[in-house]
Amino acid sequence: MKELFEKVRIARNVLEGIDTSKVAYISAAHSAYTTEAAKMDDYLNFVGKPEEVKNDFLMVAIVEDLMTEEEFIIIWNAIDIIQMAHIAC
């Protein structure tokens, strides 16, 4: 558990040094990814394609010169760690 708190602390420090508009963009991307990952059909089979959603957000970020792929991944990973820390076990 101590290791998780350390990872969250590091992730928060990473995000503090990044433009808030970039963090907001990746936060929206992460939310869309999570929503897509939870999609199921009537038989409770997962049918979402979350990686496609993530790739779409990444492509827009690069094409519209919002950030580099490296920035996207760094911010994504930091948000992912923080989100995992908030999931009830």
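The values are calculated or read from the model by the stated rules, or taken from the named source; none is laboratory data. What you are looking at is a predicted structure, and each value in this text was computed from that prediction instead of being measured. Counting neighbours? That spans all protein chains shown, and the Cβs are built from the backbone with ideal geometry, glycine included. Calculation scope for accessible area: heavy atoms of the full protein, side chains included, ligands and nucleic acids excluded. Shrake-Rupley method; radii C 1.70, N 1.55, O 1.52, S 1.80 Å.
Miscellaneous remarks
- Taking 0.36 nm per residue of separation and subtracting the current Cα-Cα distance, fully stretching the chain between residue 8 and residue 56 would add 14.6 nm.
- Solvent exposure ordering (accessible area, 1.4 Å, most first) of 60, 8: 60, 8
- Loop-located GluC sites (Glu not before Pro) in the chain (DSSP state not H, G, I, E or B) with no more than 11 neighbouring Cβ atoms inside 10 Å: 64.
- Label point distance in nm, residue 38-residue 18, each placed 7 Å from Cα along Cα→Cβ: 2.2 nm
- Accessible carbon and sulfur surface of the chain relative to its total accessible area, %, 1.4 Å: 59 percent
- Cα-based radius of gyration for segment 39-89, normalised by 2.2 N^0.38 Å, reads 1.46.
- Positive-end extreme of charge dipole, the chain - chosen from 50, 11, 23 (charges on Cβ): 11
- Using heavy atoms of the protein chains and a probe of 1.4 Å, the accessible area assigned to residue 25 is about 50 Å².
- Whole-number D in µm² s⁻¹ for segment 1-79, Kirkwood Cα-pair radius fed into Stokes-Einstein, 37 °C, 0.692 mPa s: 239 µm²/s
- Counting only Cβ charges, +1 for Lys and Arg and -1 for Asp and Glu, the dipole size of the chain around its Cα centre is about 440 debye.
- Estimated inter-spin distance, residue 70 and residue 85, nm [label 7 Å along Cα→Cβ]: 2.5 nm
- Contact order relative to length of the chain, as percent, for alpha carbon pairs under 8 angstrom and 6 or more apart: 38 percent
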